[in-house]
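The values are calculated or read from the model by the stated rules, or taken from the named source; none is laboratory data. Bear in mind that the values here come from a model prediction, so they are computed numbers and not experimental data. Neighbour counts run over all protein chains shown; Cβ positions are idealised from the backbone, glycine included. Note: accessible area is taken over every heavy atom of the protein model, side chains too, but ligands, DNA and RNA are not part of it. Shrake-Rupley method; radii C 1.70, N 1.55, O 1.52, S 1.80 Å.
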Amino acid sequence: MRKFLHWGGEKQLYEYIMDSIGSRNSLIMGAFEKDTLVGFSLGSIVHWYSGTEYYISEFCIKTEKQGMDIGTDFLRLVEDYIKSKQITHIFLQTQAYRFYQKNGFTELKDHVSFVKVLKKIKENRCTVMK
C-alpha cells in the first residue's frame with residue numbers, strides 16, 4: 001500500500017526536499033526498524049532571539065507504523081540529540097495537534113499562521129513513502 005500526499009508534481013516535491021537538505025543549517029534524522037526507514041524529521045537549526053531552535057518542517061511516521069509509539073520514541077530521541085547540541089527549543093506547525101500535545105508541546109497563543117495564495121497550481125499526487 002502506498003501513501004499519497006498532495007504536491008504540485010514530483011519536481012515540486014523534489015525541490016522541497018532539496019531546499020530542506022541543502023541548507024547550511026539542515027538537520028534531518030531518520031527512524032529505522034532494522035534497515036527500513038519508518039519515519040523522519042526534516043528541519044533546520046534557527047538562531048532566534050529566545051535561543052537556538054530546531055524548526056521542524058516535516059515529521060512523519062509511516063502510516064502503518066502509527067499508533068505504536070514509534071513517533072513518541074523517535075521524537076524523544078530527536079529531543080535528546082538537539083539538547084546535546086545546546087538547542088533550547090523545538091518549533092513546528094502541524095495538523096497533528098493531539099500527538100504533539102501528548103508529547104509535551106504547548107500551543108503558542110500569540111502565534112498565527114497566514115498564507116496568501118498567489119497562483120493556484122494543478123494538484124498532482126506522487127508517492128512519498130511506501
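Count, please, the residues in the range 68-83 that happen to be within 20 Å of residue 26 (Cα to Cα), open to solvent by less than 30 Å² (accessible area, probe 1.4 Å) and not β-branched (Val, Ile, Thr). Show your work before the answer.
Of the residues in the range 68-83, the ones within 20 Å of residue 26 (Cα to Cα) are 74-83.
Those still in the list that are open to solvent by less than 30 Å² (accessible area, probe 1.4 Å) too: 74-75, 78, 82.
Then keep just the ones that are not β-branched (Val, Ile, Thr); that gives 74-75.
Matching residues across the range 68-83 total 2.
Restricting to the range 84-100, name every residue that is open to solvent by 100 Å² or more (accessible area, probe 1.4 Å) and within 18 Å of residue 68 (Cα to Cα).
If the condition is that a residue be open to solvent by 100 Å² or more (accessible area, probe 1.4 Å) and within 18 Å of residue 68 (Cα to Cα), then 97, 98 are the ones that fit.
When residues of the range 46-67 are filtered for being exposed (fewer than 13 other Cβ atoms within 10 Å of the Cβ) and either free of Cβ contacts under 8 Å to residues at least 60 places away in the same chain or basic (Lys, Arg) (or both), how many remain?
Residues meeting the conditions: 6.
Look through the range 106-130, keep the residues that are modelled with pLDDT of 60 or more and of a type in the set (A, V, I, L, M), and return whichever of them is most open to solvent (accessible area, probe 1.4 Å).
To start, the set of residues in the range 106-130 that are modelled with pLDDT of 60 or more comprises 106-122.
So of that shortlist, the ones also of a type in the set (A, V, I, L, M) come out as 108, 112, 115, 117-118, 121.
Details: 108: 85, 112: 96, 115: 131, 117: 98, 118: 152, 121: 110 Å².
By that ranking, first place goes to 118.
Report every pair of residues separated by at least 6 positions or lying on different chains whose Cβ atoms are under 8 Å apart, first residue within the range 85-110 and among the β-branched types (Val, Ile, Thr), second open to solvent by less than 100 Å² (accessible area, probe 1.4 Å) and assigned to a loop (DSSP other than H, G, I, E, B).
Going by the 8 Å Cβ cut-off, the qualifying pairs are 88/50; 90/105.
Of everything in the range 8-49 that's among the β-branched types (Val, Ile, Thr) and assigned to a strand (DSSP E or B), which residue is farthest from residue 93 (Cα to Cα)? So that I can check it myself, show each step before the final result.
Initially, the range 8-49 is screened for residues among the β-branched types (Val, Ile, Thr), giving 17, 21, 28, 36, 38, 45-46.
Narrowing further to those that are assigned to a strand (DSSP E or B): 28, 36, 38, 45-46.
Values: 28: 17, 36: 27, 38: 21, 45: 15, 46: 15 Å.
That would be 36.
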